[in-house]
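**Q** This structure is in structure tokens; I'll ask about it shortly.
The values are calculated or read from the model by the stated rules, or taken from the named source; none is laboratory data. Being a predicted model, the structure only gives us computed values, none of them experimental. Methodologically, a virtual Cβ is constructed for each residue, glycine included, from the backbone with ideal geometry; neighbour enumeration extends over all protein chains shown. When the accessible area is computed, the model is the full protein with side chains, heavy atoms only, and any ligands, DNA or RNA have been set aside. Shrake-Rupley method; radii C 1.70, N 1.55, O 1.52, S 1.80 Å.
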Amino acid sequence: MKNLKLKSARAALDMSQQELAEAVGVSRQTINAIEKGDYNPTIRLCRAICRALGKTLDDLFWEEEEHEENKK
């Protein structure tokens, strides 16, 4: 599943994939793969991305359908 929330948060800060990658210590290709849904990052990487973007794990990595299921 594509991570449009990550892409949107990054774009809102006018940050390129390369800039985010450098901020969290991974390659641009890794950020691209996460955004495309081709790579499931570790919790450590998720937390680093959240810190770099000023977001929470819930903001960027929570899947809505899971959230809705938990409400029931």
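**Q** Could you work out the helix-only [θ] at 222 nm for the chain, with each DSSP H run of four or more residues adding -39,500 (n - 2.57) and the total divided by the number of residues, to the nearest 500 deg cm²/dmol? Write down the numbers at each step before the final one.
**A** Numbers: 6 runs with 50 residues, N = 72.
That comes out to -19000 deg cm²/dmol.
**Q** Spelling out what I want: for every residue of segment 51-57, take phi, set θ = phi - 60°, compute 6.51 cos²θ - 1.76 cosθ + 1.60 (Karplus), and round to whole Hz; glycine and proline get x.
**A** 4, 5, 9, x, 10, 9, 4
**Q** About its Cα centre, how strong a charge dipole does the chain have in debye, to the nearest 20, once Lys and Arg get +1 and Asp and Glu get -1 at the Cβ?
**A** The calculation lands at about 220 debye.
**Q** Whole number in Å², please: accessible area per residue of segment 1-48, 1.4 Å probe, ligands, DNA and RNA not counted. Mind dumping the intermediate values first?
**A** Values: 3140 Å² over 48 residues.
For segment 1-48, the solvent-accessible area averages 65 Å² per residue.
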